[in-house]
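Take a look at the structure below.
The values are calculated or read from the model by the stated rules, or taken from the named source; none is laboratory data. Here the structure is a predicted model, which means the values were calculated and not measured. Glycine gets a Cβ as well: all are built from the backbone with ideal geometry, and neighbour counts include every protein chain shown. The area values use the complete protein model at the heavy-atom level, side chains included, leaving out ligands, DNA and RNA. Shrake-Rupley method; radii C 1.70, N 1.55, O 1.52, S 1.80 Å.
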Amino acid sequence: MNDTLTLLHSHHSDRDFTDAPVDEADLSAVVEAAHRAPTSMNGQQVSLVVVRDPARRARLAELAGGQPWIARAPVFIAVLVDFHKTRVAAARAGKEQAIHRSLEGFTVGAVDAGIALASLMVAARSLGLGVVPIGSLRRDPQGVVDLLRLPKLTYPVVGVAIGHVARPAPRKPRLPLAAFRHDEVYRSEGLPEAIEAYDGTLVDYWRTIGRTDGLSWSENTGGAYSRLYFPQARPVAERQGFTLEQ
Ligand SMILES: Cc1cc2nc3c(=O)[nH]c(=O)nc-3n(C[C@H](O)[C@H](O)[C@H](O)COP(=O)(O)O)c2cc1C
(Lines give C-alpha, C1' and ligand atoms only; values in the text may rest on other atoms or scores of the structure.)
Protein backbone atom coordinates (compact mmCIF):
# COMPACT_ATOMS: atom_id res chain seq x y z
CA MET A 1 0.00 0.00 0.00
CA ASN A 2 0.99 3.61 -0.50
CA ASP A 3 -0.75 6.93 0.10
CA THR A 4 -2.48 6.94 -3.29
CA LEU A 5 -3.89 3.44 -2.84
CA THR A 6 -4.93 4.19 0.74
CA LEU A 7 -6.82 7.24 -0.52
CA LEU A 8 -8.52 5.30 -3.32
CA HIS A 9 -9.41 2.35 -1.09
CA SER A 10 -10.98 4.69 1.45
CA HIS A 11 -13.34 6.33 -1.07
CA HIS A 12 -16.71 7.38 0.29
CA SER A 13 -19.10 10.16 -0.68
CA ASP A 14 -19.57 12.82 1.98
CA ARG A 15 -22.80 14.78 2.30
CA ASP A 16 -22.26 16.46 5.67
CA PHE A 17 -20.23 19.62 5.09
CA THR A 18 -19.29 22.60 7.24
CA ASP A 19 -19.62 26.02 5.64
CA ALA A 20 -15.85 26.68 5.91
CA PRO A 21 -14.62 27.99 2.54
CA VAL A 22 -12.28 25.99 0.33
CA ASP A 23 -8.91 27.67 0.01
CA GLU A 24 -8.40 29.20 -3.47
CA ALA A 25 -4.97 27.55 -3.89
CA ASP A 26 -6.50 24.14 -3.04
CA LEU A 27 -9.34 24.70 -5.51
CA SER A 28 -6.84 25.62 -8.24
CA ALA A 29 -4.80 22.49 -7.54
CA VAL A 30 -7.96 20.35 -7.77
CA VAL A 31 -9.02 21.96 -11.06
CA GLU A 32 -5.51 21.62 -12.50
CA ALA A 33 -5.53 17.88 -11.66
CA ALA A 34 -8.59 17.46 -13.91
CA HIS A 35 -7.12 19.77 -16.57
CA ARG A 36 -4.14 17.40 -16.79
CA ALA A 37 -6.35 14.32 -17.27
CA PRO A 38 -6.15 12.38 -20.54
CA THR A 39 -8.83 12.81 -23.21
CA SER A 40 -9.73 10.77 -26.24
CA MET A 41 -7.74 12.00 -29.31
CA ASN A 42 -6.47 14.84 -27.12
CA GLY A 43 -9.80 16.38 -28.12
CA GLN A 44 -10.15 17.90 -24.63
CA GLN A 45 -13.94 17.81 -25.01
CA VAL A 46 -14.46 18.54 -21.32
CA SER A 47 -14.95 21.83 -19.49
CA LEU A 48 -15.69 22.69 -15.89
CA VAL A 49 -17.91 25.36 -14.42
CA VAL A 50 -16.80 26.17 -10.87
CA VAL A 51 -19.68 27.51 -8.81
CA ARG A 52 -19.02 29.21 -5.49
CA ASP A 53 -21.91 31.68 -5.43
CA PRO A 54 -24.34 30.51 -2.67
CA ALA A 55 -27.48 31.55 -4.58
CA ARG A 56 -26.37 29.66 -7.66
CA ARG A 57 -25.51 26.59 -5.56
CA ALA A 58 -28.91 26.78 -3.88
CA ARG A 59 -30.55 26.80 -7.30
CA LEU A 60 -28.44 23.82 -8.39
CA ALA A 61 -29.53 21.97 -5.23
CA GLU A 62 -33.12 22.64 -6.21
CA LEU A 63 -32.63 21.60 -9.84
CA ALA A 64 -31.06 18.35 -8.60
CA GLY A 65 -34.33 17.54 -6.84
CA GLY A 66 -33.56 19.03 -3.45
CA GLN A 67 -30.07 17.92 -2.42
CA PRO A 68 -29.07 20.16 0.50
CA TRP A 69 -25.38 19.17 0.38
CA ILE A 70 -25.03 21.00 -2.96
CA ALA A 71 -26.12 24.24 -1.29
CA ARG A 72 -24.10 23.55 1.85
CA ALA A 73 -20.71 22.61 0.34
CA PRO A 74 -18.86 25.82 -0.58
CA VAL A 75 -17.80 24.62 -4.03
CA PHE A 76 -19.70 22.88 -6.79
CA ILE A 77 -18.04 21.91 -10.06
CA ALA A 78 -20.15 21.02 -13.07
CA VAL A 79 -18.37 18.75 -15.56
CA LEU A 80 -19.46 19.36 -19.15
CA VAL A 81 -19.10 17.41 -22.33
CA ASP A 82 -17.86 20.24 -24.54
CA PHE A 83 -17.85 19.93 -28.32
CA HIS A 84 -18.27 23.70 -28.57
CA LYS A 85 -14.54 24.32 -28.38
CA THR A 86 -13.69 21.47 -30.75
CA ARG A 87 -16.08 22.96 -33.31
CA VAL A 88 -14.17 26.24 -33.16
CA ALA A 89 -11.00 24.27 -33.90
CA ALA A 90 -12.69 22.35 -36.73
CA ALA A 91 -13.86 25.62 -38.32
CA ARG A 92 -10.32 26.98 -38.11
CA ALA A 93 -9.20 23.91 -40.02
CA GLY A 94 -11.98 24.42 -42.58
CA LYS A 95 -13.96 21.36 -41.45
CA GLU A 96 -17.53 20.92 -40.34
CA GLN A 97 -17.76 19.01 -37.05
CA ALA A 98 -20.05 15.96 -37.09
CA ILE A 99 -18.91 13.92 -34.08
CA HIS A 100 -21.38 15.58 -31.66
CA ARG A 101 -24.24 14.04 -33.66
CA SER A 102 -23.12 10.48 -32.89
CA LEU A 103 -23.31 8.04 -30.01
CA GLU A 104 -19.53 7.72 -30.35
CA GLY A 105 -19.14 11.44 -29.69
CA PHE A 106 -21.38 11.38 -26.65
CA THR A 107 -19.59 8.29 -25.33
CA VAL A 108 -16.18 9.89 -25.77
CA GLY A 109 -17.32 13.06 -24.03
CA ALA A 110 -18.98 11.19 -21.17
CA VAL A 111 -15.94 8.96 -20.60
CA ASP A 112 -13.61 11.96 -20.60
CA ALA A 113 -15.94 13.79 -18.22
CA GLY A 114 -15.90 10.74 -15.92
CA ILE A 115 -12.10 10.72 -15.92
CA ALA A 116 -12.10 14.45 -15.06
CA LEU A 117 -14.60 13.80 -12.27
CA ALA A 118 -12.36 11.07 -10.83
CA SER A 119 -9.36 13.41 -10.91
CA LEU A 120 -11.34 16.16 -9.18
CA MET A 121 -12.45 13.76 -6.46
CA VAL A 122 -9.05 12.21 -5.83
CA ALA A 123 -7.32 15.59 -5.81
CA ALA A 124 -9.87 17.11 -3.42
CA ARG A 125 -9.76 14.12 -1.07
CA SER A 126 -5.95 14.16 -1.10
CA LEU A 127 -6.20 17.67 0.37
CA GLY A 128 -8.47 16.44 3.16
CA LEU A 129 -11.67 17.72 1.56
CA GLY A 130 -14.87 15.71 1.17
CA VAL A 131 -16.67 15.10 -2.13
CA VAL A 132 -19.98 13.84 -3.46
CA PRO A 133 -20.50 13.32 -7.19
CA ILE A 134 -23.82 14.63 -8.50
CA GLY A 135 -25.48 13.04 -11.52
CA SER A 136 -28.80 14.71 -10.76
CA LEU A 137 -27.67 17.68 -12.86
CA ARG A 138 -29.42 15.67 -15.58
CA ARG A 139 -32.74 15.76 -13.71
CA ASP A 140 -33.52 19.23 -15.07
CA PRO A 141 -30.67 19.80 -17.53
CA GLN A 142 -32.38 22.78 -19.20
CA GLY A 143 -32.41 24.55 -15.83
CA VAL A 144 -28.67 23.86 -15.50
CA VAL A 145 -28.00 25.02 -19.09
CA ASP A 146 -29.83 28.30 -18.36
CA LEU A 147 -28.30 28.84 -14.92
CA LEU A 148 -24.71 28.24 -16.07
CA ARG A 149 -25.30 29.84 -19.50
CA LEU A 150 -24.02 26.80 -21.33
CA PRO A 151 -23.59 27.26 -25.08
CA LYS A 152 -24.84 24.79 -27.69
CA LEU A 153 -22.69 21.67 -28.01
CA THR A 154 -22.08 21.54 -24.28
CA TYR A 155 -23.98 19.32 -21.84
CA PRO A 156 -23.71 19.00 -18.05
CA VAL A 157 -23.18 15.27 -17.54
CA VAL A 158 -22.10 15.28 -13.92
CA GLY A 159 -20.88 17.49 -11.11
CA VAL A 160 -19.20 17.28 -7.73
CA ALA A 161 -19.79 19.10 -4.45
CA ILE A 162 -16.58 19.76 -2.52
CA GLY A 163 -16.10 21.02 1.01
CA HIS A 164 -14.80 20.46 4.51
CA VAL A 165 -16.46 17.50 6.17
CA ALA A 166 -18.45 17.89 9.38
CA ARG A 167 -18.99 14.17 10.04
CA PRO A 168 -17.29 11.69 7.67
CA ALA A 169 -19.60 9.15 6.01
CA PRO A 170 -18.91 5.45 6.53
CA ARG A 171 -17.50 3.38 3.66
CA LYS A 172 -20.34 1.75 1.74
CA PRO A 173 -19.78 -1.95 0.98
CA ARG A 174 -19.58 -3.14 -2.63
CA LEU A 175 -20.60 -6.29 -4.47
CA PRO A 176 -18.07 -9.08 -3.95
CA LEU A 177 -14.90 -8.54 -6.00
CA ALA A 178 -15.71 -11.71 -8.00
CA ALA A 179 -18.73 -9.89 -9.47
CA PHE A 180 -16.43 -7.07 -10.61
CA ARG A 181 -13.18 -8.63 -11.77
CA HIS A 182 -13.25 -11.15 -14.60
CA ASP A 183 -9.99 -12.70 -15.69
CA GLU A 184 -9.53 -13.19 -19.43
CA VAL A 185 -13.25 -13.64 -20.20
CA TYR A 186 -16.52 -12.59 -18.60
CA ARG A 187 -18.04 -15.20 -16.28
CA SER A 188 -21.66 -14.98 -15.15
CA GLU A 189 -21.51 -18.07 -12.89
CA GLY A 190 -22.04 -17.24 -9.25
CA LEU A 191 -23.57 -13.85 -9.97
CA PRO A 192 -27.02 -14.52 -8.45
CA GLU A 193 -25.35 -15.84 -5.25
CA ALA A 194 -23.01 -12.84 -5.10
CA ILE A 195 -25.95 -10.45 -5.46
CA GLU A 196 -27.95 -12.30 -2.83
CA ALA A 197 -25.03 -12.07 -0.40
CA TYR A 198 -24.58 -8.37 -1.16
CA ASP A 199 -28.27 -7.64 -0.67
CA GLY A 200 -27.87 -8.90 2.91
CA THR A 201 -24.60 -7.01 3.43
CA LEU A 202 -26.15 -3.75 2.29
CA VAL A 203 -29.26 -4.10 4.46
CA ASP A 204 -26.96 -4.81 7.45
CA TYR A 205 -24.92 -1.72 6.54
CA TRP A 206 -28.03 0.50 6.47
CA ARG A 207 -29.04 -0.89 9.89
CA THR A 208 -25.55 -0.31 11.32
CA ILE A 209 -25.66 3.36 10.30
CA GLY A 210 -29.21 3.77 11.67
CA ARG A 211 -31.07 3.92 8.34
CA THR A 212 -34.23 1.91 8.82
CA ASP A 213 -35.47 2.69 5.28
CA GLY A 214 -32.38 1.24 3.53
CA LEU A 215 -33.22 -1.12 0.65
CA SER A 216 -31.26 -4.12 -0.58
CA TRP A 217 -29.18 -3.54 -3.70
CA SER A 218 -31.60 -5.56 -5.86
CA GLU A 219 -34.59 -3.56 -4.62
CA ASN A 220 -32.86 -0.22 -4.91
CA THR A 221 -31.26 -0.76 -8.31
CA GLY A 222 -34.26 -2.64 -9.70
CA GLY A 223 -36.57 0.19 -8.62
CA ALA A 224 -34.37 2.93 -10.07
CA TYR A 225 -33.67 1.15 -13.34
CA SER A 226 -37.25 0.09 -14.02
CA ARG A 227 -38.02 3.59 -15.30
CA LEU A 228 -36.31 6.44 -17.14
CA TYR A 229 -35.56 8.46 -14.04
CA PHE A 230 -34.26 11.56 -15.93
CA PRO A 231 -36.63 11.87 -18.92
CA GLN A 232 -35.34 15.36 -19.75
CA ALA A 233 -31.79 14.16 -20.40
CA ARG A 234 -32.25 13.20 -24.03
CA PRO A 235 -34.48 16.08 -25.25
CA VAL A 236 -32.20 18.67 -23.65
CA ALA A 237 -29.05 16.97 -24.97
CA GLU A 238 -30.70 17.07 -28.43
CA ARG A 239 -31.53 20.78 -28.04
CA GLN A 240 -27.89 21.35 -27.13
CA GLY A 241 -26.94 19.77 -30.46
CA PHE A 242 -26.28 16.16 -29.45
CA THR A 243 -28.76 14.70 -31.90
CA LEU A 244 -27.28 11.19 -31.94
CA GLU A 245 -28.15 10.51 -35.55
CA GLN A 246 -25.52 7.81 -35.78
C1 LIG B 1 -21.82 9.64 -11.65
C2 LIG B 1 -22.36 9.66 -10.24
C3 LIG B 1 -23.50 10.40 -9.96
C4 LIG B 1 -23.97 10.48 -8.65
N5 LIG B 1 -25.03 11.27 -8.37
C6 LIG B 1 -25.37 11.51 -7.08
C7 LIG B 1 -26.36 12.48 -6.75
O8 LIG B 1 -26.95 13.13 -7.60
N9 LIG B 1 -26.61 12.70 -5.44
C10 LIG B 1 -25.97 12.03 -4.44
O11 LIG B 1 -26.24 12.31 -3.27
N12 LIG B 1 -25.05 11.08 -4.72
C13 LIG B 1 -24.74 10.82 -6.01
N14 LIG B 1 -23.74 9.91 -6.31
C15 LIG B 1 -23.07 9.18 -5.24
C16 LIG B 1 -23.47 7.70 -5.21
O17 LIG B 1 -24.75 7.59 -4.63
C18 LIG B 1 -22.41 6.94 -4.42
O19 LIG B 1 -21.18 7.03 -5.09
C20 LIG B 1 -22.79 5.48 -4.23
O21 LIG B 1 -23.96 5.36 -3.45
C22 LIG B 1 -21.67 4.73 -3.52
O23 LIG B 1 -21.41 5.35 -2.27
P24 LIG B 1 -19.96 5.90 -1.92
O25 LIG B 1 -19.57 6.88 -2.97
O26 LIG B 1 -20.12 6.57 -0.57
O27 LIG B 1 -19.04 4.75 -1.86
C28 LIG B 1 -23.30 9.77 -7.62
C29 LIG B 1 -22.17 9.01 -7.93
C30 LIG B 1 -21.69 8.96 -9.22
C31 LIG B 1 -20.44 8.18 -9.52
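Remark: C-alpha extents of region 128-222 on the principal axes read 48, 38, 28 Å, sorted largest to smallest. In terms of its Cα atoms, region 1-55 spans 40, 38, 20 Å along the principal axes, sorted from long to short.
Computed over the chain, the per-residue total of -39500 (n - 2.57) for DSSP H runs of n ≥ 4 gives a 222 nm mean residue ellipticity of -13000 deg cm²/dmol, rounded to 500.
Placing R0 at 35 angstrom, the Cβ-Cβ distance between THR208 and VAL111 gives a FRET efficiency of 0.50 after rounding to 0.05. Given a Förster distance of 30 Å, report the FRET efficiency between THR18 and TYR229 from their Cβ-Cβ distance, rounded to the nearest 0.05. Efficiency, rounded to the nearest 0.05: 0.45.
Note on LEU103 and LYS85: the model spin-label points, each 7 Å out from Cα along the C-beta direction, lie 2.8 nm apart. For the chain, the per residue solvent-accessible surface stands at 58 Å², with DNA, RNA and ligands left out and a 1.4 Å probe. Taking all protein chains together and a 1.4 Å probe, the residues HIS100, HIS164, HIS9 rank HIS9, HIS164, HIS100 from largest to smallest accessible area.
Distance between the modelled labels on SER40 and VAL185, one decimal in nanometres: 2.8 nm (7 Å Cα→Cβ projection).
Working ranking of peptides 101-107, 30-36 by packing, defined as the average number of other Cβ atoms within 10 Å per residue, highest first, is 30-36, 101-107.
Evaluate the distance, in nm, between pseudo-label points positioned 7 Å from the Cα of THR243 and of SER28 along their respective Cα→Cβ axes. Between THR243 and SER28, the label points sit 4.3 nm apart.
Relative protection proxy for 135-146, 199-210, 88-99, 14-25, from highest mean packing down: 135-146, 14-25, 199-210, 88-99 (other beta-carbon atoms within 10 angstrom).
May I ask you to derive the relative contact order of region 53-117, considering only C-alpha pairs under 8 Å and at least 6 residues apart, and to give it as an integer percent? With pairs under 8 Å counted, the relative contact order is 25 percent.
Quick one: Debye curve from the alpha-carbon atoms of the chain only, equal weights, vacuum; give me log10 I(q)/I(0) at q = 0.08, 0.09, 0.10 Å⁻¹ to two decimals. Results for the chain at q = 0.08, 0.09, 0.10 Å⁻¹ read -0.36, -0.46, -0.57. Surface composition of region 81-206: carbon and sulfur atoms hold 57% of the protein heavy-atom accessible area at a 1.4 Å probe. Largest first, the residues LEU48, LEU153 sort by 1.4 Å accessible area into LEU48, LEU153.
Counting only protein chain heavy atoms and rolling a 1.4 Å probe, the accessible areas of MET1, MET121 rank, largest first, as MET1, MET121. Cut-off 12 Å, label point 7 angstrom out along Cα-to-Cβ of ALA166: give me the residues of region 3-20 whose amide nitrogen falls inside. Residues 15-20 fall inside that zone. In region 1-143, Cα pairs under 8 Å separated by at least six residues give a relative contact order of 36 percent.
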